[in-house]
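Heads up, the thing below is written out as structure tokens.
What follows is calculated from the coordinates using simple rules that are stated; it is not laboratory data. Because the structure is predicted, anything quoted here is derived from the model rather than measured. We place every Cβ from the backbone using ideal geometry, glycine too, and count neighbours over all the protein chains shown.
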Amino acid sequence: GSSKAASLHWTGERAVSVLLLGLLPAAYLCPGPAVDYSLAAALTLHGHWGLGQVITDYVHGDVPNKVANVGLYVLSGLTFAGLCHFNYHDVGICKAVAMLWSL
Amino acid sequence: MGTTAREEMQRFWERNERSNRPLSPHVSIYKCTPECSLPIPGVSLFSLAAFLLPEHFPHYLAQVRDLSLGPALIFSAKFALVLPFSYHTWNGIRHLV
């Protein structure tokens, strides 16, 4: 039923948050494509769910809510695509942060 | 038998709506420290820039280096970049435990 779905979603959110937290030392200690793509996925999902909660809290009314959620899907899709594009064609997230910090 | 539960609910709602009671403030009193919002536009902006800008990352980084900004400015910029992420991460950990 729908009540189970909500608590599963909540658990999923915590799981992705913990995963993302674990990816941070991984990015530092063993940078590379595996961590890069995992970061891209975890960051996008974490952000997508997070913004979804913000929409639920602040956007009221059936139609505005649905419109906002559609916009969110578009944004998250583009974000994930952009991050993967960066990982594939450019230096990748881990390397980029390392390079930025050495400035 | 008296009234059914449904009838009582109906009466309750009719009276409730008729009395035009004001809604108690919920949005306005919300503590506006959404530790959520800060890094999110950053990640999406970075990703969209990765899509749209023609050159690769090292090129732009070299451009920034060529600007020869003072070390104090560079440090402040790094600090300003890290601050929302750290705030978000610490509060996130606080929420997780």
List the aspartates and glutamates whose Cα sits under 16 Å from the Cα of A:Lys95, skipping any in the same chain fewer than 8 residues away.
A:Asp36
In whole Hz, the Karplus estimates of ³J(HN,Hα) for region A:59-72 (6.51, -1.76, 1.60; θ = phi - 60°; x where Gly or Pro) are 9, 9, x, 4, 5, x, 4, 5, 4, 4, 5, 4, x, 4
Sticking with the crude label model, points 7 Å out along Cα→Cβ, report the distance from B:Gln63 to A:Val67 in nm, one decimal please.
3.5 nm
Given +1 on the Cβ of Lys and Arg, -1 on the Cβ of Asp and Glu, and no further charges, what dipole in debye does region A:1-98 carry about its Cα centre, rounded to the nearest 20?
140 debye
Projected-area mean, the protein assembly as shown, by convex hull of Cα positions, square nanometres:
17.1 nm²
Once you have a ≥ b ≥ c as the square roots of the Cα gyration tensor eigenvalues for chain A, tell me rounded if a/c is under 1.5, and otherwise prolate or oblate according to whether a/b is larger than b/c.
prolate
Candidate aspartates and glutamates - alpha carbon under 15 Å from A:Lys66, same-chain residues fewer than 8 apart omitted
A:Asp57
Table column - 3J(HN,Hα) (Hz), region A:31-38, Karplus curve with 6.51, -1.76, 1.60, x for Gly and Pro
x, x, x, 4, 5, 4, 6, 5
Add -39500 (n - 2.57) for each DSSP H run of 4 or more in the protein assembly as shown, then divide by its residues: what number comes out at 222 nm, to the nearest 500 deg cm²/dmol?
-26500 deg cm²/dmol
